[in-house]
Amino acid sequence: MVGMPPEWLEELKASPAYPDIVLGWVPDGEALALVEQSGSRATLAGVSAPVLALTGSETFPGMRETAAEIADAAAQGSAEQLRGSEHSWDPDAMAERLARVVHEALRT
């Protein structure tokens, strides 16, 4: 919750899903802490599968740079942009891209 705008936090606290939704973020925070401690390259060193880092065409600051960092750190990494905004995707664009990922994986 560090760095979260106060109005977002107040909106979150007003949700009927609070505090359960926040507790669901604990594994995400632990994973992020591990990556921060070890670095992207070390974290992804053992991953031999293709890694595709996707961002929406409208996203938060730093997301495209982070996707590029992930792609660079993975042995078979790539980064792409899809139609979408923040935490939402254009369903057709996502379905088409995921179908291509599966098709490419089956060819290898």
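Could you list all residues from the range 40-62 that are more than 22 Å from residue 105 (Cα to Cα) and without any contact (Cβ under 8 Å) to a residue 24 or more places away in the chain? Correct list: 42, 61, 62. Restricting the range 74-86 to residues that are open to solvent by 50 Å² or more (accessible area, probe 1.4 Å) and over 25 Å from residue 47 (Cα atoms) leaves a set whose member that is nearest to the chain's Cα centre (by Cα) is 86. For the range 48-62, residues that are on the phi < 0 side of the Ramachandran plot and part of a loop (DSSP other than H, G, I, E, B) total 6.
Go through the range 16-47 residue by residue and tally those that are within 21 Å of residue 68 (Cβ to Cβ) and touching a Ser or Thr at 6+ places or on another chain (Cβ under 8 Å). Residues meeting the conditions: 2. Restricting attention to the range 64-101, the residues being closer than 18 Å to residue 35 by Cα and either at pLDDT below 90 or touching a Cys at 6+ places or on another chain (Cβ under 9 Å) (or both) number 0. Listed conditions (1) surrounded by 13 or more Cβ atoms within 10 Å (Cβ to Cβ); (2) over 29 Å from residue 106 (Cβ atoms) are all met by residue 16, apart from (1).
None of 71, 67, 93, 105 is surrounded by fewer than 13 Cβ atoms within 10 Å (Cβ to Cβ), among the hydrophobic types (A, V, I, L, M, F, W, C) and part of a helix (DSSP H, G or I) except 105.
Considering only residues in the range 31-64 that are among the charged types (D, E, K, R) and closer than 26 Å to residue 83 by Cα, the one that is surrounded by the fewest Cβ atoms within 10 Å (Cβ to Cβ) turns out to be 58.
The values are calculated or read from the model by the stated rules, or taken from the named source; none is laboratory data. The shown structure was predicted, so the numbers you read here are calculated from the model rather than taken from an experiment. Cβ coordinates were reconstructed from backbone atoms using ideal geometry, including for glycine residues, and neighbour counts include every protein chain displayed. Ligands, DNA and RNA are excluded from the accessible area calculation, which covers all protein heavy atoms including side chains. Shrake-Rupley method; radii C 1.70, N 1.55, O 1.52, S 1.80 Å.
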